[in-house]
Amino acid sequence: MHEEACRFVRAMALSTAAFAVSCGCSPGSSPTSKTMTYSMEKALGAYARAAAAYDAGDFKGAADLASQSLDAEKSFLPAIVMLGKASYFSGDDETAIAALERGVALSPRSGEAALWLARAFRAAGRDDDALMTCEMLLSAEPSCVAALRLMAGIALWTGDSASAMASLDRAIAAAGDAGLAFADRASLRWAAGDHEGTVSDLGAALAILPEESVAHKAAAGLMALIKDAP
């Protein structure tokens, strides 16, 4: 998480510089551009520290740092989502919901914001809102296993085992697609002579694919072939 945040900060810094060049200006060429660059730098720095705190399990600290990032750039989506996630784990459902609703409004296609919003609704006992948010997410990402599992959990809680089973069936089907992707990549790696990578991908495929499926048998056959190879 910390390394990912650092990479994100570097990428955003480069993007800010590239934007300045494309506009025919240089960093600090005017008071306005200087202020914008400074505020983004503050937002990125606070976000990177928030990500590190989150990774270390300091969710209160992560929420505070995410708020500092948003003080500098109020529409900075990564910090909005971080505030929501950290507040969720801190038990502050109200702040989590407010932040994540803001994130979804800012970027309706942000699957991460929608998923955590559904989780925050669930934690706050707002199951209907959680289900509605999951359905919204699944309309854009039909194979989102996390959303399907959340829906199944809510259905079980309300005693609707049929709906829970239907959601889990969909989740298993989506996971099967992931298993097929591992199997496909294993074939490519085998053709390229990457023995270790092939075995790793096949192991992942076999763990995901339904045991009686044709795809599972094909993956098992390829694994046996590899093990018998000199």
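List of remarks:
- Flag for residue 193 being outside any helix (DSSP H, G or I) and either in contact with an Asp or Glu (Cβ under 7 Å, 6 or more places away or on another chain) or without any contact (Cβ under 8 Å) to a residue 40 or more places away in the chain (or both): yes
- Condition check for residue 72: modelled with pLDDT of 95 or more and among the aliphatic types (A, V, I, L, M): no
- Among (1) under 30 Å from residue 41 (Cα atoms); (2) without any contact (Cβ under 8 Å) to a residue 12 or more places away in the chain; (3) part of a loop (DSSP other than H, G, I, E, B), the one test that residue 109 misses: (2)
- Selection status of residue 208, at pLDDT below 90, surrounded by 15 or more Cβ atoms within 10 Å (Cβ to Cβ) and touching a Phe, Trp or Tyr at 6+ places or on another chain (Cβ under 9 Å): yes
- Residue 135 being more than 16 Å from residue 174 (Cα to Cα) and out of contact with any Cys (no Cβ under 8 Å at 6 or more places or on another chain): no
- The listed residues are 180, 202, and the only one of them that is at pLDDT 90 or above, within 29 Å of the chain's Cα centre (by Cα) and surrounded by 15 or more Cβ atoms within 10 Å (Cβ to Cβ) turns out to be 202.
The values are calculated or read from the model by the stated rules, or taken from the named source; none is laboratory data. None of these values were measured; they are calculated from a predicted model. Ideal geometry is used to build each Cβ from the backbone, glycine not excepted, and the neighbour counts take in all protein chains shown.
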